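Q: Got a structure here, written out as C-alpha cells. Questions coming.
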Amino acid sequence: MATDTAVKASRAVRHRGALAIFLLPFGVLFTLFYLVPILYAVYQSLLTVEREGTFGPAVQVFGGLTQYIQVFQNEPFWSSIGRVLLFGVVQVPIMLGLALILALLLDSPLVRGSKFFRLAFFAPYAVPSVIAAIMWGFLYSPNLSPFTAVTSQFDFLSAEAVLWSIANVVTWVYVGYNMLIIYSALLSIPQEIYEAARLDGAGQFRIAWAIKIPLVVPALVLTGIFSIIGTLQLLAEPQVFQSFSAAVTSVFTPNLTIYSTASVPNISLAAAMSVVLALATFVLSFTVLKLTQRRAAL
Amino acid sequence: MSVTTETRALRTQEAAKRPARDGGIRESAISRTIAMAVMIVATLYFLTPLWWLVVASSKTREDFTTTNPLWFADFALFDNIAALVQYRDGVFLQWLANSALYAGVGAALATLIAAMAGYAIAKYAFRGRETLFNIILGGVLVPATALALPLFLLFSQAGATNTIWAVLLPSLVSPFGVYLSRIYAAASVPDEIIEAARIDGAGEVRTFFTVATRLMAPALVTIFLFQFVAIWNNFFLPLIMLRDEGLFPVTLGLYVWNTQVSQIPDIRALVVIGSLLSIIPLIVTFLALQRFWQSGLANGGLK
C-alpha cells in the first residue's frame with residue numbers, strides 16, 4: 001500500500017505541469033465565481049450602515065450579527081419561507097410520484113411506443129421557466145384561455161389558488177426531467193433480476209413494487225434533493241406571475257424577498273437573508289439525504 | 001437503445017400473442033389498457049400547452065381571442081414573425097443572438113473546463129484529490145440563484161455589471177460537469193490506453209484531447225446540453241446584472257415585454273410568437289443530440 005501511493009505520487013509529480021493545465025482553469029473560475037461570492041455574501045452580511053448625525057454620509061461598519069437579528073425579526077421573509085415549504089411538501093411528492101409512475105410504465109412491457117412518450121414527457125424541460133410561466137399565465141387568464149369552461153368557473157390566479165397554479169407550472173416543466181433520471185436508473189438494472197421473479201409468477205405490478213422501486217431509491221433521493229433546492233429557490237415563475245396576478249407580491253418567495261430587499265437597496269440585509277436561505281437549503285437537503293439513507297439501510 | 005428494440009420486438013410479435021420472455025405470464029388486457037390510458041392523458045397534459053402556443057402563434061390579432069384557441073384560423077404565422085423581428089429595430093433577434101452566445105460559448109467552454117478537471121481527478125493521484133472533489137461536489141448543491149446577488153456585488157465593485165462578461169463568466173463553472181466527467185472518465189478511459197499513448201510519446205495534454213475526449217464523448221454532450229439549458233434558462237443573473245436592453249438574453253427580454261402587456265396590449269402577440277421562437281432552438285438541440293445525452297445520463301452519473 002505504501003509503495004503503491006509512493007508510485008502514484010511520483011507519477012503525479014512527473015505530470016505536475018499537465019495536472020496544472022487540467023485543474024487550474026476550473027480551480028480559478030470555481031474560486032472566483034463560487035467560493036469568493038459565498039465568502040463575500042457572508043462578509044457583507046456582517047456589515048451595517050451607520051451615519052454620523054442625522055444627515056452625515058452613510059458608512060458601512062462591522063455590525064456583527066445585527067443583520068441576522070433583523071432577518072429573524074423579518075416577518076415577510078419567514079412567511080415566504082413558510083410558503084415555499086408548504087409548496088414543496090405538496091408539489092415535490094406529486095411531481096416525483098408522477099415521474100416514478102411514468103418511468104415505471106415506460107420501463108414495463110405494458111406500454112408500446114415508449115420512445116415517443118419519453119420525448120413527449122421530456123419536451124417541457126426544454127421550455128425555460130420564464131417562458132413556461134408566461135405560457136401558463138395566458139392559459140390561466142379567463143379571457144385568453146383555451147379552457148374557458150374551467151377558467152370561468154375557477155380563478156387560477158386568485159390569492160388562494162395562485163401558489164398551486166405556480167406548482168402546476170413547475171410540475172409541468174420538471175416531471176419529464178425527473179422521469180428520465182429515474183428511467184435511466186431503471187435501465188441500468190440487469191434484466192436477469194427479473195427472470196427469477198417472473199419464474200415465481202410475479203406480475204408487472206409486483207415486480208415494480210418489490211424490485212424496481214427499491215432499486216431506484218438512490219435516483220429518487222437525488223431528484224428529491226434537487227427538487228427541494230429548486231423549491232426553496234423559486235424565483236422566475238412567481239416573478240412572471242406578478243404580471244398576471246396581484247396576489248403574487250414582491251415578498252412571495254424567499255428569493256423575491258431577497259431581490260426586493262436588495263433593490264431598496266439594503267444590501268447587507270439581503271446578503272444575510274441569502275446566507276440564511278443557503279444554510280436552510282443545505283440543512284434541509286442534508287437531512288433528507290440522511291433520513292432516506294437510514295430508511296434505505298433498514 | 002435496448003428499450004427501442006424491445007418495443008419494436010413487441011410490436012412485431014403482437015400478432016403471435018405475448019412473447020415468451022414474460023415466462024408465460026400474460027399481462028391482462030385491462031392493465032395494458034390502463035397503462036396506455038395513463039400515457040395518453042400524460043401526453044395531453046405535457047403537449048397541449050405547446051400545441052396551444054403553436055396555434056396561438058399562427059393567428060392574427062383578431063382571431064387570437066375570438067376563435068377556437070386549440071385550432072388554426074387564418075394562418076398568419078409568417079406575418080407574426082415578420083412583425084416580431086421588425087419590432088424596435090429587431091431587438092428580438094438581438095436577444096436570440098445574445099442567448100445563443102451566452103449559452104453556446106458558455107456551455108462549450110464550461111464543458112471543456114469541467115472535462116479537464118474531472119479527467120485529472122479521475123486519472124491522476126495527487127494530494128488533496130478527494131478534498132478537492134468533495135468541495136466541488138458541495139458546489140453542485142449551491143443553487144445558481146443563491147450566487148446571483150453576491151456575484152452582482154462583486155461585479156459592481158469591479159465596475160463590470162451590465163456587460164457580456166457579467167453573464168458569461170459565471171456560467172463557465174459547472175461543478176456537476178466535473179462530477180460527471182470524473183465518474184465517466186474513471187469508467188470509460190482505461191489506464192492502459194493512457195499508458196500506451198505515453199509510450200508512443202504523446203504528452204499528457206495531447207492524450208486528453210486526442211484520446212480521452214473521444215472516449216468521454218457521451219458525457220461531454222450531456223454536460224454541454226444541460227449547461228446549455230441552464231444558461232439559456234437562467235433568469236436571475238441577467239435580471240440583476242443587465243440594464244442595457246441590447247445585452248438581454250431572450251428570456252429576460254420576453255419577461256420585460258410581458259410586464260408591459262397591460263400598457264401596450266399589442267405587445268402580447270409578440271410575447272406569444274417570441275415564446276415559441278425562443279424554445280425551438282432548445283427542442284431542436286435536444287432532439288438532434290438525444291442519442292448522446294440519453295446514454296450519457298444512463299451510463300455516467302446516475303447509477
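Q: So which helices (runs of 4 or more DSSP H) are wholly in region B:194-303 and hold at least 3 residues that are out of contact with any Cys (no Cβ under 8 Å at 6 or more places or on another chain) and over 30 Å from A:Leu256 (Cα atoms)?
A: B:204-207, B:217-233, B:267-288, B:290-299
Q: Among (1) in contact (Cβ under 8 Å) with a residue 24 or more places away in the chain; (2) part of a helix (DSSP H, G or I), there is one condition A:Phe286 misses while meeting the rest; what is its number?
A: (1)
Q: Suppose we filter B:Ala166, B:Ala160 for residues that are surrounded by fewer than 16 Cβ atoms within 10 Å (Cβ to Cβ) and either among the small types (Gly, Ala, Ser) or under 24 Å from the mean Cα position of the chain (by Cα) (or both); which single one remains?
A: B:Ala160
Q: While we're looking at this one, here's another question. Checking the conditions here, which among A:Leu102, A:Leu86, A:Leu106, A:Leu98 is under 26 Å from A:Thr253 (Cβ atoms), within 13 Å of chain B (Cβ to nearest Cβ) and part of a helix (DSSP H, G or I)?
A: Within the list A:Leu102, A:Leu86, A:Leu106, A:Leu98, the selection yields A:Leu98.
Q: Which of (1) within 11 Å of chain B (Cβ to nearest Cβ); (2) more than 16 Å from the chain's Cα centre (by Cα); (3) surrounded by 24 or more Cβ atoms within 10 Å (Cβ to Cβ) is the odd one out, the single condition A:Ser114 does not satisfy?
A: It is condition (3) that A:Ser114 fails.
Q: Somewhere in region B:65-74, is a residue crowded, with 21+ Cβ neighbours inside 10 Å and either within 25 Å of the chain's Cα centre (by Cα) or over 30 Å from A:Met179 (Cβ atoms) (or both)?
A: no
Q: Only one residue in A:Leu269, A:Leu256 is within 29 Å of A:Ile131 (Cβ to Cβ), buried (at least 16 other Cβ atoms within 10 Å of the Cβ) and in contact with a helix residue (DSSP H, G or I) (Cβ under 8 Å, 6 or more places away or on another chain). Which one?
A: Of the residues listed, the single one that is within 29 Å of A:Ile131 (Cβ to Cβ), buried (at least 16 other Cβ atoms within 10 Å of the Cβ) and in contact with a helix residue (DSSP H, G or I) (Cβ under 8 Å, 6 or more places away or on another chain) is A:Leu256.
Q: Does region B:237-246 contain any residue that is within 14 Å of the chain's Cα centre (by Cα) and either among the charged types (D, E, K, R) or closer than 16 Å to A:Val127 by Cα (or both)?
A: No, region B:237-246 contains no residue that is within 14 Å of the chain's Cα centre (by Cα) and either among the charged types (D, E, K, R) or closer than 16 Å to A:Val127 by Cα (or both).
Q: Name the residue that is nearest to the other protein chains (Cβ to nearest Cβ), counting only residues in region A:147-173 that are in contact (Cβ under 8 Å) with a residue 60 or more places away in the chain and touching a Phe, Trp or Tyr at 6+ places or on another chain (Cβ under 7 Å).
A: A:Val169
Q: Same structure, new question: If I go through region A:124-158 residue by residue, how many of them are part of a helix (DSSP H, G or I) and farther than 20 Å from B:Val256 by Cβ?
A: Qualifying residue count for the region: 9.
Just so you know, all these numbers are worked out from the coordinates, no wet-lab data involved. Predicted model, so just to flag it, every value in this text is computed and none were measured. Glycine also receives a Cβ, built like all others from the backbone with ideal geometry; neighbour counts cover every protein chain displayed.
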